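Quick notes on the structure that follows.
The values are calculated or read from the model by the stated rules, or taken from the named source; none is laboratory data. Remember, predicted model here, so these are calculated numbers, not experimental data. FYI the Cβ positions are ideal-geometry reconstructions off the backbone, even for glycines, and counts take in every protein chain you see.
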C-alpha cells in the first residue's frame, strides 16, 4: 500500500519541479489558441531550446511532430500536445534492466562536486533497503574533505553499513575493504562514492580503473553500473560534463538531481538523445525518498 501512495506524491513533486519549464513558453503554446500554424512551430522551437533540449534534439523532435501531425491530420494544439508527449516518451524511454535480480550488484557513482552525489547515494541506499535489498556504502571519495563524514550521516539515515578510510587514502583500498566486509555480512548491493574531479581526467580515469579492477577480481560475477550524477539546473553544461566523464568512465546511466529548482527540465531529453545514456533516477527534493526511478511518460506529461 505504501508504494501506491508514494507514486502520486512523486508525480506531484515532479510536476511542481517542472513548473518553471511548463509555466513558461511551453505553457502558453498549449493554452488558448488551438491553431496549428507556422507561428505554433516557431514558438514551440523557441520554448524547447529555452528549456534546454538543445538545438539538434529540438529539431529532431519537431520533425517527428510535423510528420505525425500531417499523417494523423491533427488540427488542434491539444491533440498535438498528446502526440508530443508520445514522441518525448519514445526519446527518453529505456527498457534495459538496471540491477540484476539475483547475485551481486555494484554501483559506482561519479560526478563533479556539488551536484548532489553524496545525497543521491544515501537516497539510493534507503530506496533499495526499503525494497528488500541489503546495501552497503563505500566512501571511496577520499580527496574531498568531509566526504566520508557526509556519507556516514546518510548511511545512518538509511540505516546501512559503510566502509571508510582516512582522508587521502587509496580509493581502491577502500573498495577492497568494503568488498571484504560486504562478503562477510552477505550484502547484495555495494554503492561506491568516487572523487568528483574533472580537472585531471587522467588521474580520475586511473583511480576508477583501479577500483574497477578490484571489483572485477573480488566480485567477478557482479553486475556493475557506473552512474553519473548531474545537476539539472546547469542545463547544457550537464551535457558537457557527461561527455567528459563518458570519455573517462564508461558510463551506463545518469542520475539527474535538483529537478525541483530548475526551468531547464528539457535537458533530460537532450541527455538521452545526445549521449545515448538512460536517465535512471531523478531527484525532486531534499527528502530521503525524493530520488525515484525515472519514468519517461510521467516525465513527458509533467513537462508539458
Inside the stretch 159-203, can you point out the residues that are surrounded by fewer than 23 Cβ atoms within 10 Å (Cβ to Cβ) and in a helix (DSSP H, G or I)?
172, 173, 176, 177, 180, 181, 183, 184, 201, 202, 203
Taking residue 108, is it assigned to a helix (DSSP H, G or I) and crowded, with 20+ Cβ neighbours inside 10 Å?
no
When the residues of the stretch 79-105 are narrowed to those that are at pLDDT below 95, over 20 Å from the mean Cα position of the chain (by Cα) and in a loop (DSSP other than H, G, I, E, B), which ends up surrounded by the most Cβ atoms within 10 Å (Cβ to Cβ)?
103
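Residue by residue, here is whether (1) in contact with a helix residue (DSSP H, G or I) (Cβ under 7 Å, 6 or more places away or on another chain); (2) over 22 Å from residue 99 (Cβ atoms) holds:
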| residue | (1), (2) |
| --- | --- |
| 169 | no, yes |
| 173 | no, yes |
| 194 | yes, no |
| 202 | no, yes |
| 212 | no, no |
Kindly check whether there is at least one residue in the stretch 217-229 that is over 28 Å from residue 91 (Cα atoms), buried (at least 21 other Cβ atoms within 10 Å of the Cβ), at pLDDT 90 or above and touching a helix residue (DSSP H, G or I) at 6+ places or on another chain (Cβ under 8 Å).
no
Taking the stretch 246-284 as the region of interest, how many residues are buried (at least 24 other Cβ atoms within 10 Å of the Cβ) and assigned to a helix (DSSP H, G or I)?
6
Failed item, numbered, when residue 292 is tested on (1) in a loop (DSSP other than H, G, I, E, B); (2) surrounded by fewer than 22 Cβ atoms within 10 Å (Cβ to Cβ):
(1)
